[in-house]
1. Residue check: is ALA429 of a type in the set (Gly, Ala, Ser), in contact with a helix residue (DSSP H, G or I) (Cβ under 8 Å, 6 or more places away or on another chain) and at pLDDT 95 or above?
2. Please state which of the following conditions ALA416 fails to meet, knowing it meets all the rest: (1) within 15 Å of the ligand (Cβ to nearest atom); (2) open to solvent by 10 Å² or more (accessible area, probe 1.4 Å); (3) within 17 Å of LEU436 (Cα to Cα).
3. Looking at region 385-406, I want the residues that are more than 13 Å from MET160 (Cβ to Cβ) and have a partner that is among the hydroxyl-bearing types (Ser, Thr, Tyr) and not in a loop (DSSP other than H, G, I, E, B) with Cβ atoms under 7 Å, at least 6 apart or on another chain. Which pairs are those?
4. Is it the case that some residue within region 242-257 is in contact (Cβ under 8 Å) with a residue 60 or more places away in the chain, surrounded by 19 or more Cβ atoms within 10 Å (Cβ to Cβ), assigned to a loop (DSSP other than H, G, I, E, B) and of a type in the set (Ser, Thr, Tyr)?
5. Would you check if ASP127 is away from the ligand (no atom under 16 Å from the Cβ) and among the acidic types (Asp, Glu)?
6. Scan (1) within 23 Å of ASP457 (Cβ to Cβ); (2) more than 10 Å from the ligand (Cβ to nearest atom) for the single condition GLU48 breaks and write down its number.
7. In region 131-148, what residues are touching a residue at least 40 places away in the same chain (Cβ under 8 Å) and not in a strand (DSSP E or B)?
8. Hey, can you tell me all the residues within region 258-274 that are open to solvent by 40 Å² or more (accessible area, probe 1.4 Å) and in a helix (DSSP H, G or I)?
Amino acid sequence: MNDALTIMDRPRTANSTGFDAIIIGAGISGIFMLYRLRELGMTARVFETGSDVGGTWYWNRYPGARFDSESWTYGYSFSKELMQEWDWKEHFSPQPDTLEYLNHVADKFDLRRDMQFHSTVTAAHWDDTANQWIVTLESGEQARSRFLCTAVGILSAHTMPAIPGAESFLGPAYHPARWPHTPVDFSGKRVGIIGTGATAIQAIPEIAKQAKQLTVFQRRPNWAAPLHNSKISKDEMLAIKARYDEIYAHCASTPMWFIHQADPRKTLDVPPDEREAFWERLYAEPGFGIWLGNFRDIGVNEAANAAISEFIARKIRQRVKNPQVAEKLIPKDHGFGSRRVPLESGYFEAFNRDNVLLVDTLHDEPIERITSRGILTSKQEHECDILIYATGFDGVTGAFDRIDIRGANGVRLKDAWAESPRTYLGMLAEGFPNMLMVLGPHTARGNIPQAIEHSVDFQAGILSFMQEHGYTCVETRSEHVSEWTETVIKAAEKLLSSKVDSWQTGVNRNVKGRSVRRVLGYNGHGVYFRQKTDEVAKGGYQEFAFR
Ligand SMILES: Cc1cc2nc3c(=O)[nH]c(=O)nc-3n(C[C@H](O)[C@H](O)[C@H](O)COP(=O)(O)OP(=O)(O)OC[C@H]3O[C@@H](n4cnc5c(N)ncnc54)[C@H](O)[C@@H]3O)c2cc1C
């Protein structure tokens, strides 16, 4: 059957009391949530800040932007027809191709007619009496709905550098997550980039090829390993299509829903030369194998982690010609893999170029301010024609915090989560009836589209259950929220990543109040998470309260 036709004629306009559901965000989450809601015969409206679909892949148009999930594990799997008709061009798809894919999905299922762009949601208040959400847009426009579906993204609330003087810079300045829709021409330009996180690691080699001078302002280096991207030939794509069921079933069996599975051995049980050969092989392979397919204890055992960190450090020393620059690029404050590992294509070699300068702003030259002409450090003014603020995102809870969300009794979500989010499975938050969260805090993430599909399907199951039983309101039960919160915190306890500042532990020095580590995701095994959600569904969702 043609998947597109089965949902074409569902009701789509609000009735006199509002929509059945309002979805915030038109990225991968919002697109799929809308699709499922239509299948359930519900009226829905998506509000999106951007001018079109795509979320991450709509906004992040900087040079070098691509994902480090294998493309053929990143697409939606809900429609076999869609899987079979789409050809991924590269093993790790660049941003333009991914955006094209998401546009194709929106067109194929005729989803845009329920989407309203240029529409930022500023507030969402639960009306206890009407059992409805009242949603307010930046324009002042309001809409009501029975359900509020947050599909706001874990990396969508971009943050600017907390450095004085940004407004005085006379040249163009860009944040990678608000990149212009037409290419930026760097030729003959002196470019300054602040930050050396995942985005900068992708952008620097590309910008260095064009710019007259690229000055990289680094506060703390990040570990990175080679991506080894390549084109997908027609035959290869055909072979992938023939194996899709197997590939997705395999991903569902791994801890983070990638193709990679940890090696069952412990690092220090393996003789050094064998260990070295294993790491050499992983380092030469495409994708996250060096991180997720490594010995099983590199993320929990300090000595094992020190050994792999030393291996990667050696690689950096081999690839960067100037030993002093190499040392500056080697992280000393966290071990390999204790932050999400950015995968790179020529990042370290970029520092061998005559037109690239690394400025260590932590030890050598702290930034004092941004001036009209560039960046003033404790030592000198670095003149720049273009500035790039690669300063990342207020991860996981940032996009929620930017909306005035109030639940039962007018409680603000931001206040309720000030110390720690309290959710059940990261799907519903305590005290916020009928608010379904895709990628809410404390949910399982990993290979994100797979997490999104799982989460949306679970939530569609709740909605279908409610339709069947005539319920109009769903809430969490406190004892189950406590149990889940404890599970999440326990799963994070033994991980080295929990002892490191990163967006995943909620630390962002550019955001006021974001200096204390929090557990923001479920870091247990993906298979356990699937089992848990399946049990809840099979048991008739008794962990939730319905009326
Ligand atoms: C550069 C980059 C590379 C990445 N690479 C990978 C990868 O390799 N593998 C992987 O699994 N994940 C990757 N991710 C994570 C990526 O965000 C997810 O894979 C996925 O795109 C998330 O989809 P989403 O729909 O949940 O969120 P998003 O794509 O972030 O979409 C959320 C949307 O909500 C909108 N929104 C938010 N707040 C409001 C509001 N108040 N009002 C209206 N609209 C609002 C935003 O404008 C945005 O369009 C990457 C992220 C970035 C930034």
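The values are calculated or read from the model by the stated rules, or taken from the named source; none is laboratory data. Quick caveat, the model's predicted, so the values are computed rather than measured. Using ideal geometry, Cβ is built from the backbone for each residue, glycine included, and neighbour counts are taken over all protein chains shown. When the accessible area is computed, the model is the full protein with side chains, heavy atoms only, and any ligands, DNA or RNA have been set aside. Shrake-Rupley method; radii C 1.70, N 1.55, O 1.52, S 1.80 Å.
1. yes
2. (1)
3. PHE400/THR150; ILE403/THR122; ASP404/THR122
4. yes
5. So ASP127 fits the description; yes.
6. Result: GLU48 fails condition (2) only.
7. Scanning region 131-148 gives a single hit, ASN131.
8. Those that are open to solvent by 40 Å² or more (accessible area, probe 1.4 Å) and in a helix (DSSP H, G or I): LEU268, ASP269, PRO272, ASP273, GLU274.
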